[in-house]
Number of protein chains: 2
Amino acid sequence: MAMAFQTLAASRVRVGPLLPAAAAAAPTPSSVAAPRHHPRRRFSAIVAVAGAAAAPAAAPAEFDFDSYMTERAEMVNRALDAAIPAGAPPAALHEAMRYTLLAGGKRVRPALCLAACGVVGGREEWALAPAAAAEMVHTMSLVHDDLPCMDDDDLRRGKPTCHVVYGEAIAVLTGDALLSLAFHHVASPGSYPPDVDPEKHPARVVRATFELARCIGSEGLVAGQVVDLANTGASEVVPLERLEYIHLHKTAALLEASVVMGAIMGGGTDEQIERLRKYARSIGLLFQVVDDILDVTKSSEELGKTAGKDLASDKATYPKLLGLEKSREFAEKLLSDAKEQLAGFDKEKAAPLLHLAYYIAHRQN
Amino acid sequence: MAMAFQTLAASRVRVGPLLPAAAAAAPTPSSVAAPRHHPRRRFSAIVAVAGAAAAPAAAPAEFDFDSYMTERAEMVNRALDAAIPAGAPPAALHEAMRYTLLAGGKRVRPALCLAACGVVGGREEWALAPAAAAEMVHTMSLVHDDLPCMDDDDLRRGKPTCHVVYGEAIAVLTGDALLSLAFHHVASPGSYPPDVDPEKHPARVVRATFELARCIGSEGLVAGQVVDLANTGASEVVPLERLEYIHLHKTAALLEASVVMGAIMGGGTDEQIERLRKYARSIGLLFQVVDDILDVTKSSEELGKTAGKDLASDKATYPKLLGLEKSREFAEKLLSDAKEQLAGFDKEKAAPLLHLAYYIAHRQN
């Protein structure tokens with residue numbers, strides 16, 4: 001599949017190694033000093049490739065992004081693991097839910113939710129339930145999008161997709177069960193620590209539920225997938241505006257909900273919540289622009305999913321419409337917009353969201 | 001399809017006309033005086049067929065069940081219509097959502113929700129959002145269950161099923177969008193009248209959300225469908241216990257959530273809520289026993305869906321395991337259990353739930 005794509009890709013857009021080459025061009029001292037996954041080095045790499053003159057503002061040296069992400073992922077994985085009883089009947093369903101939900105994944109959405117709770121002064125544990133719910137919704141959308149009647153994908157997070165292992169019926173039902181579990185989890189009193197404000201907590205949960213629900217259906221993930229499917233294989237050239245619609249709905253909407261839910265649970269003011277919403281929209285679009293770039297520059301093995309799929313299936317992507325250079329410049333602009341929204345927050349508390357933006361800009365898979 | 005089934009059915013269980021013959025045996029004076037859809041007449045019919053000696057307690061003569069149901073259905077249909085913008089993008093998705101959701105249907109679940117709100121002393125409008133949400137969830141489960149990879153049904157509510165009209169991909173996505181819309185609708189402040197108690201309302205919404213979410217996934221509809229699919233075509237005889245598991249999950253769970261949500265929104269006490277939960281479990285199972293009976297005694301035209309489907313596909317049903325007579329006796333027992341739970345409530349306020357139980361027992365489609 002990857003081979004077939006590379007031939008196809010070469011005939012359509014200028015494809016070359018993106019970040020490996022870029023890393024060589026990055027300022028050596030900072031990249032040597034930086035930890036393995038340090039955002040600064042990789043972001044510098046993108047900037048260098050895009051030909052931008054100014055280096056990004058240095059992230060606070062004392063923030064350990066790798067540890068932050070590892071700890072958050074562990075916290076969320078524990079919550080996800082506890083939410084689905086292993087072996088309980090119906091065993092096939094629970095097994096399929098655990099197979100898809102606990103398959104790894106970077107837990108970017110939960111981390112955004114927790115970090116947004118923290119930036120407005122909340123304890124991250126107050127937002128753990130919506131954080132886990134965001135991952136359930138994300139996994140649901142992957143399971144359904146991978147179905148034979150949709151994107152027909154057989155590899156996801158480095159493993160065979162749900163319908164390949166359990167059949168189509170169970171895959172449809174697994175998605176449904178994960179979707180409802182997300183709301184069950186958010187609404188369950190048992191999902192929260194005892195120190196939530198009993199007066200304010202229910203109203204925050206209702207508001208978070210509203211944000212989560214809105215980002216899924218005809219204003220979010222599903223709308224994006226419908227328009228995406230309608231474009232696939234269409235003979236007309238997809239205009240940039242429609243591509244942005246797809247990405248804002250398929251990707252940015254859930255990232256936005258994750259951030260906004262965190263800010264709500266943390267007790268953020270309306271003004272703070274709206275600023276964080278703008279931050280989230282920028283990194284949401286950024287996430288997809290980078291995804292599109294990775295699809296044409298990485299192998300299936302590196303991505304843990306079928307590479308070149310977008311191009312092979314004639315899907316509209318940023319590299320296809322803008323070319324790789326312009327796509328990278330656009331990514332840089334979105335990162336800069338996102339950073340701007342964090343300016344008014346306490347620097348130390350905003351560090352996780354700042355580093356998450358960097359991470360989304362330069363991730364390798 | 002119906003012809004093929006009748007041949008098949010005749011060779012397996014004693015099949016005869018159920019309620020038309022029964023109606024003739026019902027006490028003539030009350031059946032003449034009753035309105036066209038009056039519960040008493042039809043319930044008497046079931047009792048007569050089942051050979052029970054005692055007639056059911058007469059329902060209050062002044063309660064106009066037909067008008068009650070018509071008014072509730074109109075109220076719910078207005079809410080459902082307003083919840084999905086016609087023509088708004090993505091048009092194909094909204095069209096498919098409206099096609100399935102506004103296709104008619106008896107709106108039994110919303111009526112149960114509204115009636116339960118009323119029986120504990122609430123204004124029915126306080127429960128309109130969860131009532132509409134219950135119908136969205138019900139429709140979602142029909143759309144997904146009808147898919148080719150599941151029950152492969154092409155007729156529903158007298159119309160071609162969603163995937164027949166819009167294709168499988170849109171059908172999967174329509175279900176997802178309806179499911180998330182249900183939670184969006186329950187969580188939206190705009191779904192409630194201004195006279196809800198601002199102090200107590202958010203906690204009630206959270207509790208209702210919890211009940212709705214729980215009845216869908218691996219503790220509800222989805223679990224029932226998974227076990228049902230696993231049994232279909234299996235060579236072993238499905239034990240009665242497993243059949244009850246399927247029905248309690250596939251059907252009773254959402255009826256239970258509908259009733260309990262109504263009681264919560266109406267401000268019912270925990271004791272009232274638990275009594276109504278028991279009522280709902282009885283009528284939930286009753287609903288499916290009657291559905292099973294109708295499947296073997298009615299034509300596709302009368303049902304508005306493919307008749308004989310359960311038998312043709314070798315699905316376990318009550319008539320298949322117990323025979324028609326015993327199935328009718330079981331239905332009668334469940335109705336009696338449900339009525340018992342209503343005994344402690346104000347008679348006038350309990351009239352809608354009482355008549356809904358009768359209606360579920362003797363409905364014709």
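The values are calculated or read from the model by the stated rules, or taken from the named source; none is laboratory data. All figures in this text were calculated on a predicted structure; none of them were measured in a lab. Glycine also receives a Cβ, built like all others from the backbone with ideal geometry; neighbour counts cover every protein chain displayed. We work out accessible area using only protein heavy atoms, side chains counted, and drop any ligands, DNA or RNA first. Shrake-Rupley method; radii C 1.70, N 1.55, O 1.52, S 1.80 Å.
Counting only aspartates and glutamates at least 8 places from A:Lys159 when in the same chain, those with an alpha carbon closer than 18 Å to its own are A:Glu95, A:Glu135, A:Asp145, A:Asp146, A:Asp151, A:Glu168, A:Asp295, A:Glu301, A:Glu302.
Taking the Cβ of B:Val137 as the centre, find all other residues whose Cβ is under 14 Å away and add up their charges (Lys, Arg: +1; Asp, Glu: -1).
Around B:Val137, the charge tally is -3.
Compute the orientation-averaged projected area for the stretch A:92-142 from the convex hull of its Cα atoms and round it to one decimal in nm². Can you show the working numbers first?
Numbers: hull surface 14.4 nm².
With every direction weighted equally, the projected area is 3.6 nm².
Can you compute the FRET efficiency between A:Thr70 and A:Glu199 using 1/(1 + (r/R0)^6), with r the Cβ-Cβ distance and R0 = 30 Å? Round to the nearest 0.05.
Working: r = 35 Å, r/R0 = 1.16.
Once rounded, the FRET efficiency stands at 0.30.
Measuring r between the beta carbons of A:Ala82 and B:Arg123 and using R0 = 30 Å, the FRET efficiency lands at 0.20. Counting, for every residue in B:201-207, the Cβ atoms of other protein chains within 10 Å of its Cβ and taking the mean gives 6. Only lysines eight or more places from B:Lys349 in sequence, or on another chain, were considered; those with a Cα closer than 26 Å are B:Lys106, B:Lys200, B:Lys278, B:Lys333, B:Lys339.
Write down the Å³ per residue value for the convex hull defined by the alpha carbon atoms of the stretch B:95-214. Intermediate results must be reported in sequence, preceding the final value.
Details: hull volume 12.2 nm³, N = 120.
Once divided by residue count, the hull of the stretch B:95-214 is 102 Å³.
Under 13 Å Cα-Cα from A:Lys326, which aspartates and glutamates qualify once same-chain neighbours fewer than 8 residues away are excluded? Those aspartates and glutamates meeting the cut-off are A:Asp292. You can think of it this way: the chain between A:Asp270 and A:Val165 has 33.3 nm of extra reach, that is 0.36 nm per residue less the Cα-Cα gap. A point 7 Å from Cα along Cα→Cβ stands in for B:Glu199, and the other copies hold the same point at 1.2 nm, listed in rising order. For the stretch A:100-200, applying the loop criterion from DSSP together with a ceiling of 11 other beta carbons within 10 Å to the GluC sites (Glu not before Pro) yields A:Glu199. Here the chain B residue lying nearest the rotation axis onto A, judged by its C-beta and given with the distance in whole angstrom, is B:Pro202, 2. Relative to the other identical copies, A:Thr269 shows label-point distances of 4.5 nm, where the label point lies 7 Å from Cα along the Cβ direction and values run shortest first. Residues of the stretch A:222-271 that lose at least 30 Å² of accessible area (1.4 Å probe, protein heavy atoms only) when the other protein chains are present, relative to their chain alone, are A:Val222, A:Val226. Each other copy holds its own label point for B:Glu74; taking that point as 7 Å from Cα along Cα to Cβ, the gaps run 6.2 nm, nearest first.
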